[in-house]
Structures are given as C-alpha cells and as structure tokens.
1. Once the piece of chain linking Lys332 and Thr447 is laid out straight, how much longer is it, given 0.36 nm per residue of separation minus the C-alpha distance between them?
2. Which percent of the accessible heavy-atom area of the chain goes to carbon and sulfur, probe 1.4 angstrom?
3. When N counts the residues of the stretch 304-420, how does its alpha-carbon radius of gyration compare numerically with 2.2 N^0.38 Å, as a ratio?
4. Setting aside same-chain residues fewer than 8 positions from Lys374, which aspartates and glutamates have a Cα under 20 Å from its Cα?
5. Relative to the first principal axis of the alpha-carbon coordinates of the chain, what is the inclination of helix 23-34, with its axis defined by its Cα atoms, in degrees from 0 to 90 and to the nearest 10?
6. Between Asp190 and Gln368, what FRET efficiency follows from the Cβ-Cβ distance if R0 is 56 Å, with the result rounded to 0.05?
7. What ranking do 184-193, 302-311 get when scored by the average of other Cβ atoms within 10 Å per residue, highest first?
8. Quick check on packing: order 113-121, 561-569 by the mean number of other C-beta atoms within 10 Å, highest mean leading.
Amino acid sequence: MTLEEAIDQSITQILELNPDLTYAEVYELCSDYLLKFNKPTKEETKIKSLKKYLSKFFELDLFANDEPKLEDIQPSLSPLQSIPKQYFQERSWAKKDYIIKIHHLDKQIWKTILFDDANLQLRFGDEVAMIWKNGSGKSTLLKMLIWKEESGFWMIEIADWVKIWYLSQDLFWANDEHTVEEEMKTCFPDIKLAMERLDEIGKLLLDSDSDHHALIEEQNKLQDFLRKENGYQKRWMQIEILKYFWFSKAMLNFKIKQLSWGEQTKLQIAKFLIQEVDLLLLDEPTNHLDIEWIFFLQRFCELWWKTLICISHDKKFLNSCFNRVVEISQRKLHLYEWNYSDYLRQKEKNLEIQHKNYVAQQKYLQQQEKFITKFRYKSSKAAQVQSRIKMLDKLERVEAPETESDPKKINFKLSQRLPNLIMQIEWLTVWYPWKELVTLPNKIEITKEMHIWIIWKNWIWKTTLIKTILGQISPLHWSVKVHPDLRIGSYSQVFDDLHPNDTVIEAVMWVGISYQDARAFLWTLKIDVEKMDHKVSSLSWWEMAKVAVTKMLLQKPHIIIMDEPTNHLDLGSKETIKMMLQWFNGVTLIVSHDRDFLEWTSNMLWWIWDNRLTVFHDLQRGFQELESSCWKW
C-alpha cells in the first residue's frame with residue numbers, strides 16, 4: 001500500500017465515524033503531520049506513524065480497519081503460541097462456579113440403553129477426556145450438550161453465557177466450495193451485514209433523491225453497533241488470524257475441499273478461536289490427522305485455558321492435554337479428577353475394590369437365598385425367612401465391574417523359519433499422476449527382524465507408498481522383490497477386502513477356519529455376538545475395521561502391511577491388536593500416527609519428509625527427531 005492509498009483509506013474511515021468533517025480538513029491534518037519527516041524516511045514508517053497519530057487524535061483504531069498484508073501470511077512468521085492470549089483465556093466477566101450440570105440423565109437409542117440416571121458437573125476451565133468403548137454413548141452425549149436437551153425426567157444445564165463449538169471427526173462444512181477467505185468472513189454475520197449496509201448507505205447518500213436524514217440516522221446506528229461490538233477489529237482479525245496457522249497467501253483462494261484434513265482442522269480452529277468460544281467439544285479429532293497435525297492439535301489444547309471436552313483413543317494425546325477424565329460405564333458418568341495416567345492407576349484400584357465387594361456380596365446373597373429356600377415352608381422359621389426376604393429386597397446391590405477386558409493372548413507366531421532377507425527395494429520412485437512424491441535410497445533391504453513404522457507428512461502419499469510396495473500402483477522406476485515363498489497380508493482403511501453382502505462370520509471364515517474359531521477370534525476383538533450373523537454392510541465403521549483386521553491376521557501372513565490400523569478403534573480394541581502384533585514374529589510395515597501403538601509394535605522408523613527417506617534403527621531416537629521437527633507450533 002502506498003502512502004497516498006493509506007491516507008485515503010484512513011480519511012474514509014474517519015469520515016464514516018465523523019460525518020461532520022470534510023475530506024479536505026482531514027487531508028490537511030495529515031499533510032501537516034507528514035511535514036515533520038525527512039525525505040529518506042521509509043513510506044511504511046510514515047504510514048504506521050500517521051495512523052497511530054490519527055487513531056489517538058480521533059479516538060479510534062485505524063489499524064483495526066487495515067486489510068491484512070497477505071504477503072505477510074507466510075509459514076515461519078507466526079507460530080501458534082504467538083496468537084494473542086485473549087483468544088485462549090476466559091472472558092473476565094465469566095462466572096467460575098460451573099459450566100455444565102447433568103441431572104438424572106436417561107437416554108435410549110432403539111433397544112440400547114446408553115444412560116440411566118447419570119449425573120455430572122464440570123467447572124469452568126476443566127479439560128476433560130471422555131473415554132470408554134465404542135458405542136457407549138460418547139458422541140451422543142456431545143451432541144446432547146450442543147442442543148442442551150431436557151425432558152420432564154432429566155436435564156442438561158449449561159451456563160447461559162457459554163458459547164459452544166463442536167469439532168466433529170467428519171469436519172462438517174455448510175459449503176465446501178467456499179474459499180478459505182470466504183469461509184473466514186462468515187465468522188461474524190451481523191458485522192458482515194452491517195458493513196455491507198454501510199457501503200450501500202454510502203452509495204445512496206450520493207443520490208439526491210434519497211432520504212438523507214433517514215440514511216444518516218441508520219448510518220449512525222450501524223456505526224454505534226460496530227464500535228460497541230468491536231466490529232472493525234473483528235473484520236480485520238478474520239483474515240489476520242490465519243497467519244498464525246501457516247496459511248500462505250495462495251491458500252486463501254483454495255476451496256475448502258482442496259485442503260488436507262489437517263488444514264481443514266486448522267481452519268475450523270481458527271474460526272472458533274476468533275469467536276471466543278467458552279466450551280470446545282472435540283469428537284475424535286486425531287482420527288484423520290497426520291503426526292504433524294496431531295502435534296499442532298496437542299499444542300493448541302495445551303494453550304487452551306477454557307473448558308474442553310474431548311473424545312479420543314490416542315493415549316499420548318490424552319496424557320498430554322487433559323486434567324479430568326469422564327468414563328462412561330454401566331450407563332453412568334464417572335468423573336476422575338486426574339490426568340489419564342493417574343486415572344488408569346486409580347481405576348485399577350477401584351475395580352479391585354469393586355470386584356472384592358461384588359464377590360463378597362454374591363457369597364452373602366447365596367447364603368441368604370440358600371437359607372430362604374431351605375426353610376421357606378417351615379412354620380417355625382417363617383418369621384426369619386420373611387425378615388431375610390425383606391432385607392434382600394432393600395439391599396443395594398454391588399454391580400459386577402465393567403471393564404475393557406484385557407486382551408487374550410492369541411498366538412500369531414509363524415511356525416516356519418523365515419529367511420533372513422524378506423524384501424528388497426531398489427530404485428523405487430513413488431509418484432502420483434502429476435507429481436513425483438519420493439525417491440527411496442538406491443537399495444533397501446528388509447530383514448526378518450524388522451517391524452517398521454512409516455511416517456509421512458502427506459496423508460494421501462502414505463497410502464500411495466503402500467500401494468506401490470504391494471504392486472497396486474506402478475512406480476516411476478522400480479524393483480520390489482519379495483521372497484517367493486512368503487505371503488503378504490495387507491489392511492486398508494477402506495476395507496476393500498470385505499464384501500458388503502457377506503455376514504461377519506462368513507467374512508472371517510473365508511480364510512479357511514471353523515465357525516467356532518471364527519466366533520472366538522471375533523469375540524476377542526469385542527465384536528458383539530448378535531452382530532456376528534449380520535451383513536458387513538450393516539456394521540459401523542469401527543466394527544468393520546475390527547473385522548478387516550481379524551480377517552487379515554487369520555491368514556497368518558509372513559509380511560503384514562497396514563495403513564492406519566487404529567483409526568476408528570477404541571482403546572480396548574487397540575490393546576488387543578497391539579498384543580497380537582507383539583506376538584507376531586514376521587515382518588511388519590505399518591503406516592500410522594498412533595505413537596503409543598507403534599512404540600509397542602515397532603523397532604525402527606522410516607521417516608519420509610520433503611521427498612527424502614530417513615531410516616532410524618533406534619526407534620526412540622527417531623521419534624525424538626520427529627517430535628523436535630514437528631514441534632514448530
């Protein structure tokens with residue numbers, strides 16, 4: 001922007017708020033002020049100094065009306081922690097006693113009872129991890145919080161002043177044809193309409209036939225509204241905020257559907273951040289994110305000082321960001337005022353106590369029922385029998401503890417001895433129709449002891465690498481040699497190895513095992529018995545994931561290649577698959593962002609970044625390098 005353009009823009013804004021002044025009067029004031037500068041002074045310095053002077057003179061903020069310098073919105077300029085702290089902290093007038101109260105909550109979907117007389121109270125500033133197995137009602141509860149549902153029997157009470165934002169795992173957009181800039185300008189619709197109306201009024205005032213008195217009165221009201229709502233600052237910040245999320249100038253014109261999942265997540269966060277949300281609800285936010293964006297989200301949650309409720313099955317993420325745990329079990333809401341690691345330790349103690357109490361009570365009940373049965377028809381004992389029956393009716397029963405049961409040790413060890421050299425890759429160049437993605441080193445040898453964790457920056461390219469190694473996509477240059485006597489088992493996120501019209505049992509029996517063995521394996525992965533005879537197409541996404549993993553592992557391959565195997569799985573199912581792979585003595589190549597899962601199942605890291613492959617034989621060292629590189633936020 002030139003000096004003349006800056007003067008013209010500043011005068012226009014001053015006249016909008018001070019209609020009694022003339023353009024010439026303000027221009028003269030600007031000219032007098034600029035006379036104090038020497039000729040060598042940079043125009044940028046003059047513009048900044050002039051705006052500061054005029055802002056003070058007219059008691060307004062001329063900087064707030066600036067269009068952001070899009071050329072300044074470049075990566076490396078402003079990391080996440082540089083965002084003004086006001087967007088992370090609670091509003092000063094916000095009440096601090098509570099933010100959510102749930103009273104006697106009952107909820108049933110079809111025949112499934114999710115909640116039965118559940119109660120919960122959360123204070124302002126609580127950062128809550130909501131956990132338990134899939135299908136227990138976690139996402140349902142978040143949606144109920146958004147709508148603040150209530151009936152004659154139960155109520156969800158949320159403080160009146162609270163602004164809520166829900167970040168779903170599907171990242172819903174009203175219009176994914178919007179550009180990034182267009183989407184950001186939807187954040188403050190009232191301010192947008194006021195600005196547009198002011199522009200219309202400005203044009204109408206040039207028309208001599210217009211009712212100038214009415215228009216000026218409306219103009220004053222709109223200007224008062226914008227001053228009260230800090231409208232000019234908000235309009236400016238809608239775009240300015242993007243520089244803290246590393247959106248480049250070119251990306252402002254990208255359509256939302258052109259962005260990666262991580263970039264769409266950043267855009268959603270930028271939107272709710274400038275709207276000063278008080279309660280943030282996250283539904284499995286790491287499911288579709290690469291490791292880079294998980295670090296970004298983790299850093300963001302650490303900076304967030306307001307209330308946060310998150311559903312996640314990522315142990316590392318849970319441990320780093322949350323100071324409370326809400327467990328949904330036995331149709332109740334159980335609040336633990338610790339982080340996730342401390343919750344696990346306390347939960348284990350509680351389960352042990354509950355189990356002892358349950359066993360003791362069951363023994364006592366058996367003794368009483370035995371007495372009642374034995375003497376029910378004996379007149380001399382009638383009073384005692386009736387007394388004990390009444391006592392048992394009033395006795396509060398201890399429920400058997402509900403646990404995400406420990407995974408059974410299923411032996412997937414291979415009986416045959418593997419050759420030392422399993423796979424040899426030479427001159428492999430992975431490519432997409434419009435771009436060469438990565439060229440691997442001249443020769444890579446995969447031996448029988450290797451369990452490889454693959455990390456790649458771009459979520460599409462990782463799948464492309466897997467398909468190239470499997471021979472499903474032709475590389476630009478290639479030589480992939482696999483020992484001819486060895487079988488490869490692969491797992492895909494799209495479950496292309498499952499036939500939708502098969503029943504769950506049929507899908508698993510296809511590999512050549514008995515009906516009884518198929519049921520046993522599916523039960524180990526916590527597939528409900530009643531669903532084993534349902535068609536695959538009727539299953540939820542996370543249920544299909546477990547069936548696909550079971551089918552692949554039951555083929556007892558020598559080489560396992562898996563693309564994001566833990567997406568959609570709950571913590572219990574992850575633990576089961578983790579133990580299966582720990583016992584597996586073949587070769588594994590796993591693309592995943594789940595750090596806890598891979599630390600237990602891998603012994604080396606392939607890190608592909610900027611078209612270069614780095615191999616770390618020391619997994620911990622590789623992870624430390626990865627973390628330090630991604631920790632730019």
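The values are calculated or read from the model by the stated rules, or taken from the named source; none is laboratory data. If you're wondering where the values come from, they're calculated on a predicted model, not measured in any experiment. Neighbour counts run over all protein chains shown; Cβ positions are idealised from the backbone, glycine included. Side chains are part of the model used for accessible areas, which takes the heavy atoms of the whole protein and leaves out ligands, DNA and RNA. Shrake-Rupley method; radii C 1.70, N 1.55, O 1.52, S 1.80 Å.
1. Numbers: separation 115, 0.36 × 115 = 41.40 nm, distance 4.93 nm.
Length gained between Lys332 and Thr447: 36.5 nm.
2. Details: 16360 of 32240 Å².
C and S fraction of accessible area: 51 percent.
3. On the way: Rg = 23.7 Å, N = 117, 2.2 N^0.38 = 13.4 Å.
Working it through for the stretch 304-420, the quotient is 1.76.
4. Counting by Cα, and skipping residues close in sequence, Lys374 has these aspartates and glutamates nearby: Asp393.
5. Once rounded, the angle reads 80 degrees.
6. Details: r = 68 Å, r/R0 = 1.21.
E between Asp190 and Gln368, to the nearest 0.05, is 0.25.
7. Details: 184-193: 15.9, 302-311: 20.4.
Result, highest mean first: 302-311, 184-193.
8. Working: 113-121: 16.2, 561-569: 22.8.
Most protected by this proxy first, the peptides run 561-569, 113-121.
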